[in-house]
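What follows is a short report on a single structure.
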Amino acid sequence: MPIAKTNAKATVSGEVAALMKAAKELSTTVDAMEFLPPVTHVYNPLVYAWKMHCKYLSFCSGQGTQVLFLGMNPGPWGMAQTGVPFGQVEMVRDWLAIDQPIGHPINEHPKRSIEGLACKRSEVSGARLWGLFKERFKTPAVFFKSHFVVNYCPLVFMEESARNRTPDKLQPSEMKSLQSACDRHLIAVIETLQPKFLVGVGAYAEQCLIRIAASTTTDSEISRKVVRILHPSPASPAANKDWAKIATSQLVDGGVWRR
């Protein structure tokens, strides 16, 4: 019996190490990329909030992961501040209880300062997503036993005005290199965790998952299913009408969750 426990720990640590390695490779690759106007500032939280991100990755249970949620890229008051996907400060600090040193991006926009866990602004999307998980699973340990959340792209793009610019609005020439790097990372995450369900948080993430799923040929893909849920952004009128109930219904209808 002691041997079985030791092996289980080794397996989990190996998978977490694989996630960290993949994240570091993605970070290094995208950090060397250049982006054209109107993008003037690019933040990479996998650099200045790396310790926060590593602590988050350590929560992964490994191949017990049944459901992988995928977001687009960091929000200015979420992962940009905390290094955690959809990482609204209160949820990261008080529910996930992650508290590691957070630095600053090299080219920091004066209107988008990184304050880390001291940030008073709330990432609504993160509050809704992690709030749903908190309500349903009660504790992080129960959630991470079978679920995990990652972002497709780790970068935050801003214009001179500090307006957020999502990856799908980048120029085609820029997207080609970025997509290649992000695809490789997503494939590495999926191959490491072997989830049964891939859940796209919003249309963009869903399309990324469909593209990746179509490009794989392993037998495990047969049991994998892509499901889409409504993005929790307040910019979506539909998301402002009981998003948690809508998302839960979509997950139930997709066979991911039970009532």
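The values are calculated or read from the model by the stated rules, or taken from the named source; none is laboratory data. Note that this is a predicted model, so its numbers are computed, not measured. For neighbour counting, all protein chains shown are included, and Cβ atoms are generated from backbone atoms with ideal geometry for every residue, glycine included.
The residues of the range 40-64 that are at pLDDT 95 or above, assigned to a loop (DSSP other than H, G, I, E, B) and among the hydroxyl-bearing types (S, T, Y) amount to a single one, S58.
Are there any pairs with C-beta distances below 7 angstrom linking a residue in the range 103-114 that is more than 12 Å from T40 (Cβ to Cβ) and in contact (Cβ under 8 Å) with a residue 40 or more places away in the chain to a residue that is among the aliphatic types (A, V, I, L, M) and exposed (fewer than 14 other Cβ atoms within 10 Å of the Cβ), with the two at least 6 apart or on different chains, and if so which? Between residues of the range 103-114 that are more than 12 Å from T40 (Cβ to Cβ) and in contact (Cβ under 8 Å) with a residue 40 or more places away in the chain and residues that are among the aliphatic types (A, V, I, L, M) and exposed (fewer than 14 other Cβ atoms within 10 Å of the Cβ), there is no close pair.
Evaluated against (1) crowded, with 19+ Cβ neighbours inside 10 Å; (2) polar (S, T, N, Q); (3) in a loop (DSSP other than H, G, I, E, B), Q81 falls short on exactly one condition, (3).
When the range 22-55 is examined, which residues are found to be touching a residue at least 40 places away in the same chain (Cβ under 8 Å) and basic (K, R)? Within the range 22-55, K51, K55 meet the criteria. For the range 123-139, check the following and say yes or no: at least one residue is surrounded by 16 or more Cβ atoms within 10 Å (Cβ to Cβ) and in a loop (DSSP other than H, G, I, E, B). So far as the range 123-139 goes, yes, one or more of its residues are surrounded by 16 or more Cβ atoms within 10 Å (Cβ to Cβ) and in a loop (DSSP other than H, G, I, E, B).
Scan the range 100-122 for residues that are assigned to a helix (DSSP H, G or I) and surrounded by fewer than 14 Cβ atoms within 10 Å (Cβ to Cβ) and the total you get is 1. Considering (1) out of contact with any strand residue (DSSP E or B) (no Cβ under 9 Å at 6 or more places or on another chain); (2) without any contact (Cβ under 8 Å) to a residue 60 or more places away in the chain; (3) surrounded by 19 or more Cβ atoms within 10 Å (Cβ to Cβ); (4) not charged (D, E, K, R), the lone condition that S58 does not fulfil carries the number (3). Scanning the range 48-90 for residues that are of a type in the set (G, A, S) and touching a His at 6+ places or on another chain (Cβ under 6 Å) yields a single hit, G83. Take the conditions (1) surrounded by 15 or more Cβ atoms within 10 Å (Cβ to Cβ); (2) on the phi < 0 side of the Ramachandran plot; (3) at pLDDT 95 or above; G202 misses just one of them, which is (2).
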